[in-house]
Amino acid sequence: MLQQSWSLLENGQKEGYKVAYTNARIIDPESKLDIYGSLLTDSKVIADFGESLFAGGVPSSVDEVIDCNGLVLMPGIVDIHVHFREPGQEYKETIYTGSRSAAAGGVTTVVCQPNTVPPIDSVILAKYLKYRAFETSHVNVEFYAAITKSGNKLTEMALLKEAGAVGFTDDGLPVMNAHIMRQALKYSSMLNVPIAQHAEDLNLSAGGCINEGIVSEELGVTGIPSVSEAVMVNRDILLMQDIANVHYHVLHVSSKDSLRAIADAKKRGINITCEVAPHHFTLTENDVREHNSMAKMNPPLRSEEDRLAMIEGLRSGIIDCIATDHAPHDVGSKDLPLGDSAFGIVGLETLLPLTLELYYNQNLDLSDVLGKLTYKPADIIHVPRARIRKNFVADLTLVDLEHSWEVDISKFASKSKNSPFSKRIVKGRAVRTVVSGKTVYVLR
Ligand SMILES: NC(=O)N[C@@H](CC(=O)O)C(=O)O
Ligand SMILES: [Zn+2]
Ligand SMILES: [Zn+2]
């Protein structure tokens, strides 16, 4: 029986604590490095790669030796879209439990979305979040601050960036007001941070609960047309195209029409990036028949054509990265009729195996796929992480690519268990997660 263990980041690593990782298959997606070798770290990577590193044996000055035989040593996974529900909805998740879930998934950095209760729309709340993260997190916590205060007034974006915000979003809701979105795009371009849009025209999606299509017809529920996402993406591309230095990021892209607009904008040199969640390249609206509200999220699971477009978008690079949209909900909010249940599913502890299915089953290049989880998301939020390179912070994930396992939601570290992947047989798992040289999770 495999045992999981965690340790908090806050007491950090004894200064200068040296760890040698030996016999590893080291993959650094950005440099396309893929070799068998060793690594020496303290809080940073001290010496990298090559059999020769410890040819003469591991020096006595090393405090710990981790034999990585048969395992892949990759940069720590960066998930730029999680909801940790603190402050205000701690019964669904906290930074403590969410960061345990992240560590168990091999994730070393998360970006928290600001739709907490109250939302992160002021400096005092941003500071509170950073304080709670310092006290209770197992992994690096970054955060987006809100773009608006309840949709109709811009937040103090410059002060919020100074307080640590890596970008701005009203996720959970779109910024419907085009004038406010245009202002936000202008300010963010001056602050050199992304605006991340939950792209949805609420006039088109009003009252919908799953994708408008054959299943919504069959179940007799109101649908969310995929055009509600693409209309907003197209509007925002028009708003941003004449703003210098702007960076607009599409959260949880789900429809082929959105991808077509994004591809065209990229071709025109517009600085638009996008992410896709694992459920949108793994499942479709048909899975709602079996999983009901466990397969309900916003944007909803779309058609097979949309799902295949997500896979091709990842293969072509139109989709920049993968992010979970980890959206924990308590049983009381989820175990309701489809129309009444909350939108959202957890994702941190299934992120890696579902992403690896792209390598195992869809023939995507392993290094490319791991890049969508590491340096690509890190670059979107401008944090200098997710490389295995000398002097880079030692955020590392050790992966057993051959480990087949059945998803058991009762074993999730997340406080919530709302996942449609329960009992799915998957392959690939994080067996050790390291943040700034300190092991925060081990699976033995
Ligand atoms: N994705 C979801 O279905 N729900 C998210 C909000 C969001 O990401 O839009 C949540 O906060 O629960
Ligand atoms: Zn959203
Ligand atoms: Zn979200």
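Within the stretch 319-341, being assigned to a loop (DSSP other than H, G, I, E, B), under 20 Å from the mean Cα position of the chain (by Cα) and either surrounded by fewer than 19 Cβ atoms within 10 Å (Cβ to Cβ) or within 14 Å of ligand 1 (Cβ to nearest atom) (or both) holds for A323, T324, D325, A327, P328, H329. Might you check whether a residue that is of a type in the set (G, A, S) and touching a strand residue (DSSP E or B) at 6+ places or on another chain (Cβ under 7 Å) occurs anywhere in the stretch 368-382? For the stretch 368-382, residues of a type in the set (G, A, S) and touching a strand residue (DSSP E or B) at 6+ places or on another chain (Cβ under 7 Å): present.
Of all the numbered requirements in (1) within 25 Å of K92 (Cβ to Cβ); (2) touching a residue at least 24 places away in the same chain (Cβ under 8 Å); (3) assigned to a helix (DSSP H, G or I), G347 misses one, and that requirement is (3).
Just one of the listed residues (K130, K186) is among the basic types (K, R), farther than 30 Å from A104 by Cα and either in a strand (DSSP E or B) or not assigned by TED's automatic domain parsing to the domain that holds A413 (or both), namely K186. Within the stretch 83-115, being surrounded by fewer than 24 Cβ atoms within 10 Å (Cβ to Cβ), within 16 Å of ligand 2 (Cβ to nearest atom) and under 17 Å from the mean Cα position of the chain (by Cα) holds for one residue alone: N115.
Each row is one residue, and each column tells you yes or no for (1) at pLDDT 95 or above; (2) crowded, with 17+ Cβ neighbours inside 10 Å; (3) not assigned by TED's automatic domain parsing to the domain that holds T108.
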site: L9; (1), (2), (3): no, yes, yes
site: Q13; (1), (2), (3): no, yes, yes
site: K18; (1), (2), (3): yes, yes, yes
site: A24; (1), (2), (3): yes, yes, yes
site: I27; (1), (2), (3): yes, yes, yes
site: E30; (1), (2), (3): yes, yes, yes
site: D34; (1), (2), (3): yes, no, yes
site: T41; (1), (2), (3): yes, yes, yes
site: A47; (1), (2), (3): no, no, yes
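Taking the criterion of being among the small types (G, A, S) and surrounded by fewer than 22 Cβ atoms within 10 Å (Cβ to Cβ), the residues of the stretch 266-312 that qualify are G269, S303.
The values are calculated or read from the model by the stated rules, or taken from the named source; none is laboratory data. Just so you know, these numbers come straight off a predicted model, no measurement behind them. Cβ: placed from backbone, ideal geometry, glycine included. Neighbour counts: every protein chain shown.
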